[in-house]
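Some notes on the structure that comes next.
Read-outs throughout are calculated quantities, based only on the coordinates presented, and are distinct from any laboratory measurement. Given the structure is predicted, the values throughout are model-derived calculations rather than measurements. All Cβ positions, even for glycine, are placed from backbone atoms using ideal geometry, and neighbour counts span all protein chains on display.
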Amino acid sequence: MPVRAFIGMPLRTRNIIRYVYLNADGDPQKAGAILAAFYDTEEKVERLLARGDLSRLHQNAMRCGLYNEAASTLAFAAGKGIEAFKRLQKEEIIDYGYLFINDKWMCWDRKGDEAAVPDK
């Protein structure tokens, strides 16, 4: 069974998280390791999110398998972005959620428990 994930980043100007769906290999040992090693700046994460939903993650954003050409957004109340993202992850039955915040990746499992992302 595929391990699905959401990958996102809050937008600086508004209370919105832009995110994509990853259809497979979303666990921290695979997706988390790739995100930490190759998507370590906001510009790189923005490039990844611009691709849309993904069937697979690759170290080069242009080589990621495309699942759907649209990224999604999640609006949230001020100071409530992480909670809203976790709630959406749980509602959609997504195994892992990744957010790029303050130049680092944070990850949660479906129960909302923090999961470690491997170092670069």
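Peptide packing for 21-34, 3-16 was compared via the average number of neighbouring C-beta atoms within 10 Å per residue; ordered from the highest value, the list is 21-34, 3-16. Annotation note: GluC sites (Glu not before Pro) in segment 35-109 located in DSSP loop regions with a Cβ neighbour count of at most 16 within 10 Å are Glu69, Glu92. If R0 is 22 Å, the Cβ-Cβ spacing of Arg110 and Ala84 corresponds to a FRET efficiency of close to 0.90. Straight-distance candidates among the lysines for linking to Lys111, with alpha-carbon spacing under 19 Å and chain neighbours fewer than 8 residues away dropped: Lys80, Lys86, Lys90.
Based on Cα contacts under 8 Å between residues 6+ apart, the chain shows a relative contact order of 31 percent. When each of Phe85, Phe38 is scored by the number of other beta-carbon atoms lying within 10 Å, the sequence from fewest to most is Phe38, Phe85.
With θ taken as phi - 60° and the Karplus curve 6.51 cos²θ - 1.76 cosθ + 1.60 applied, the whole-hertz 3J(HN,Hα) list for segment 5-11 is 8, 10, 10, x, 8, x, 7 Hz, x standing for glycine and proline. Name the residues of segment 1-45 whose amide N is less than 15 Å from a point 7 angstrom out from the Cα of Asn102 along the C-beta direction? Under 15 Å, as judged by backbone N against the label point of Asn102, lie 10 of segment 1-45.
Applying the Karplus relation 6.51 cos²θ - 1.76 cosθ + 1.60 with θ = phi - 60° to segment 100-107 yields 3J(HN,Hα) values of 8, 10, 6, 6, 8, 8, 10, 9 Hz, where x marks Gly and Pro. 3J(HN,Hα) along segment 36-51: 5, 7, 10, 10, 10, 9, 4, 4, 5, 5, 4, 4, 5, 5, 5, 5 Hz, from the Karplus curve 6.51 cos²θ - 1.76 cosθ + 1.60 with θ = phi - 60°, whole Hz, x for Gly and Pro.
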